[in-house]
Amino acid sequence: MLKSGTIQSLPDLPVPLLTIYLDTNPTKQMIRGLKPDYLNRFESRAKLIAQAVPTGDLPLFLEQVQRASAYLQDHPLQCRGVVIFTGLDTWELIPLQVDVEDEVRWGTPALAQLFWLLDEHKPHGIVLVGQKRVQIFLWWLGEMLELEEKEFRIEPSKVKEMGPVSRAAGVRMSHGTNRDVYQHHVDAQYEHYQKQIAKDVDRWCAAEHLNSLFVVGLVEMAKGIQKELPPGLRERTTVIEKDLVWVESRAELEKRIEPFVEKHERERKVLVMESLLGDSRAVVLGIDGTLVQLQQGRIRNLMVVKGLDGSLRQCLKCSWADRTQDPACPVCGGEREVVRLREVLPQLARRYSVSVEVVSGEAARRLQEAGGMGAWLRETEKKEYAQA
Ligand SMILES: [Zn+2]
């Protein structure tokens, strides 16, 4: 699994280096001869880009191609995709459980595809609840990472203590009443745990900026935890009524939970899209308008159709980018070069601290009709719009 610390370090990797993205999905692979498909595809892409590698870099480039080939030959991959950064003192291999497109680049780390994947697959929280323990997982990029496991202890001792006290007071308790007292005591303990878990989970969701939370387990316990969450998080929480604590294999657990997460994400994105398209004042729609507002620092959240691309011109001096054909920058008059929207958008979003959602399916169809891209303006901009 990709770690957030790794992402932050990638832009600073020493250059030049080779970036490799490969679709290694085992269900699509065929072994031709002795090599897996993706290794053949990597080698032919590497041959293609070799012609564009500066002569001085060529020995280092060929060494990295050789190194990656040897690794891929010796280590058959079971993940859906892989990203490799390899250079003089660099070897970073990131197996992924989401679909990746083949891409091989030389030079600076090619991060655009990775950023698109991160914007498409936001992290969620999973709380797996059983009768005796709770496990907390981060669901990210199609994988579950266990963060914490807690055992409950439902202590019967206090119930025993209550016996003599009751007798001392001269009260004869029937067997049934005793059972009620015990049940009440157990309920109270469960409630205590539910409150505690809800508190921990809330703190964790806030720290990780999690969009959605799934509480998986027997309905009483799962709903009990949901009930104790603060309202904001409760609205973003889905209860999955399934007892999965007994499932030992992580892969099996992922397989059983994935359909719920995917369905929820599909529906959530359609709702978010509806609210974007239904909001006429605080939003901007279409590529050109959105790019302008983005680069003027006026955007809060941006939505974009998966795979959206196109040709832009970007200033070499101030890095302003838009779709106009003028060879001179409209902001500073500097010289401009042709760039791909796909490459530039993730950089711009990160520079202006804008959260991006990549949508596909029904949500994407609706956004496509509105120009493929749209965004919410920041609060201050909304006020200005309202006043205008
Ligand atoms: Zn400029």
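Which percent of Cα-Cα pairs in the chain sits in each 20 Å bin, short to long? Distribution as computed: 22, 46, 24, 7, 1 percent. Cross-linked pairs LYS199/LYS223; LYS3/LYS199; LYS223/LYS269; LYS122/LYS306: Cα-Cα separations exceed 19 Å for LYS3/LYS199; LYS223/LYS269.
Rank LEU111, LEU58, LEU145 by mean-square fluctuation in a GNM of the chain with C-alpha springs under 10 angstrom and give only the top-ranked residue. So, out of LEU111, LEU58, LEU145, the one fluctuating most is LEU58. Solvent exposure of the chain, expressed per residue, is 53 Å² of accessible area, with all protein chains present and a 1.4 angstrom probe. Evaluated with a Cβ-only charge set (Lys, Arg +1; Asp, Glu -1), segment 234-388 carries a dipole of roughly 300 debye about its Cα centre, given to the nearest 20. Surface composition of segment 4-110: carbon and sulfur make up 55 percent of the accessible area, probe 1.4 Å. Largest GNM mean-square fluctuation among ALA375, ALA206, ALA321, using the chain with Cα springs under 10 Å: ALA206. Dipole of the chain computed with +1 at Lys/Arg Cβ and -1 at Asp/Glu Cβ about the Cα centre; of GLN135, GLN196, TYR38, farthest Cα towards the positive end is GLN196.
I need to check one value: relative contact order of the chain, counting alpha carbon pairs closer than 8 Å and at least 6 residues apart, in percent. Numbers along the way, then the final one.
Values: 588 pairs, mean separation 52.8, N = 388.
Answer for the chain is 14 percent.
Annotation: VAL261 carries an accessible surface of approximately 10 Å², with a 1.4 Å probe and no ligand, DNA or RNA atoms counted. Largest first, the residues LEU10, LEU34 sort by 1.4 Å accessible area into LEU34, LEU10. How about segment 1-102: which GluC sites (Glu not before Pro) there are in a DSSP loop, with at most 15 other Cβ atoms within 10 Å of their Cβ? Those satisfying the criteria are GLU101.
The values are calculated or read from the model by the stated rules, or taken from the named source; none is laboratory data. Note that the coordinates shown come from a computational prediction; the quantities given were computed from them, not determined experimentally. When we count neighbours, we look across all protein chains shown, and the Cβ atoms used for this are built from the backbone with ideal geometry, even at glycine. Surface accessibility is based on the protein's heavy atoms, side chains included, excluding ligands, DNA and RNA. Shrake-Rupley method; radii C 1.70, N 1.55, O 1.52, S 1.80 Å.
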